[in-house]
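Quick notes on the structure that follows.
Throughout, read-outs are computed from the coordinates displayed, never taken from laboratory work. Bear in mind the structure is a predicted one, so any value in this text is a computation, not a measurement. Please note: Cβ atoms are built from the backbone with ideal geometry, for glycine as well, and neighbour counts cover all protein chains shown.
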Amino acid sequence: MQERQDPRVRGRVPSPPKPSWLRVRAPGGEGYERVKRTLHQLGLHTVCQEARCPNVAECWGAGTATVMLLGDTCTRGCRFCAVRSGRTGELVDPNEPRNVAEAITSLGLRYVVLTMVTRDDLPDGGALHIATTVQQLRARDPRVVVEVLVGDFRGQADQIDTVLDARPDVFAHNIEVTRAMTPRIRDRRFSYEGSLRVLRYARAQGKARYIKSSIMVGVGEADAEILEALADLRSNGVDIVTLGQYLRPSARHAPVDRYVAPEAFGDYQRFAEQLGFAFVAAGPLVRSSYHAAEVFVGAQLGSDSSLHGADVLAGGVRPA
C-alpha cells in the first residue's frame, strides 16, 4: 500500500508523477482570446486564472468563464488554493457589478457563474456586492441563468439571506475536502460543520432552485471519508455535487497524496447517484464550475445549454 504524505508538512514536499489522464491542452484559439480580451478590458478577475484551473482552455474556448468578484485577494489562506491571500483585500470596485453584466451581455452567455474571494474585512462579507451583481445581470438579460459560488460568510444568516434574496438559480458553497482533511487543508476559520450549516440553511430558505457543493480528492483522505462527505452533503439538502482531483498549484501548497484513477471517480459517482443527488459530475479534471453541471441546470431551467459544449447522460458526464 502506498505510504501517504502528511499534508500538514509544509515546504517543498514532492507529489507523485502526474498520470496521462490529467494532460490538458494549452490555452488558445479564437474563443479563448475573445473571453480573455473582454474580461481584461473591463478589469475583471476570473477564478479560471487566479486558481490556475486546468480547464481554462476548454471553458474559455467554448465562451464561458467563472467571474471572481470582490478583487483578487482573499482574507483566508487555504493550503490548496492559488488565489492570493492577505489580511485585507483591495477596495471594492462599485462598478464591478455593472462591468460584469456588460461582459456577460457582450459575450452572449446564458449561464453565468459568480464566485468570490472571502472578505472577512468587509462588514457584510461582500454579500450585498454579490447580490447587486446578480440583479444587474438579470436587469440586462432576464433569461440568464445565474450560479453564485460563495464563501461561508462566517455563518451569518443575514449575509446569506442578502445573497439568496437576489434569487440566484444555483446557490453553491464548497466543503472542498472531507471532514478529517478540513483542518489540515482549509483555512482554520472554515469548518466542515460550518459549511454544512450554510448549505442546510440555504436549502431551508427555498429561494434558490438548486444547492450545490464540491469535493477535491487526493489530499490524504480515505475512500470511506469521501463516501461520508457525499452522504453528509445529500442529507444537508445539496442537489448537485462535483468531485475532482486536487492539483498542486505550486511547491508552497499542500502536496498531492495520490492521483485517483478515472475508474474510482466512476465508483464515487455511482454511490452519489444512489444517494439521490439531482446531478453528479465526477472525474479527474472536474471542477466546481463544470460544463456538464451547467448544462444540466440550463436544461432544467430552459436555458440554451448548447452554448456550453458538454454532452450529458442522466446523472453524469459522457465519457470522452
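Some notes on this structure:
- Potential extension, residue 84-residue 275 segment - 0.36 nm per residue separation minus Cα distance: 65.1 nm
- On the basis of the beta-carbon distance and an R0 of 22 Å, residue 156 and residue 91 show a calculated FRET efficiency of 0.50.
- Rounded if a/c under 1.5, otherwise prolate or oblate - region 204-307, Cα gyration tensor axes: prolate
- For region 139-239, the residue among 183, 208, 227 whose Cα projects farthest onto the positive side of the dipole built from Cβ charges is 208.
- Taking packing as the residue-averaged number of other Cβ atoms within 10 angstrom, the listed peptides 261-268, 142-149, 127-134 run from highest to lowest as 127-134, 142-149, 261-268.
- Highest-first arrangement of 94-100, 208-214, where packing means the average Cβ count within 10 Å: 208-214, 94-100
- Local net charge near residue 170, Cβ-Cβ under 10 Å (Lys/Arg +1, Asp/Glu -1): -2
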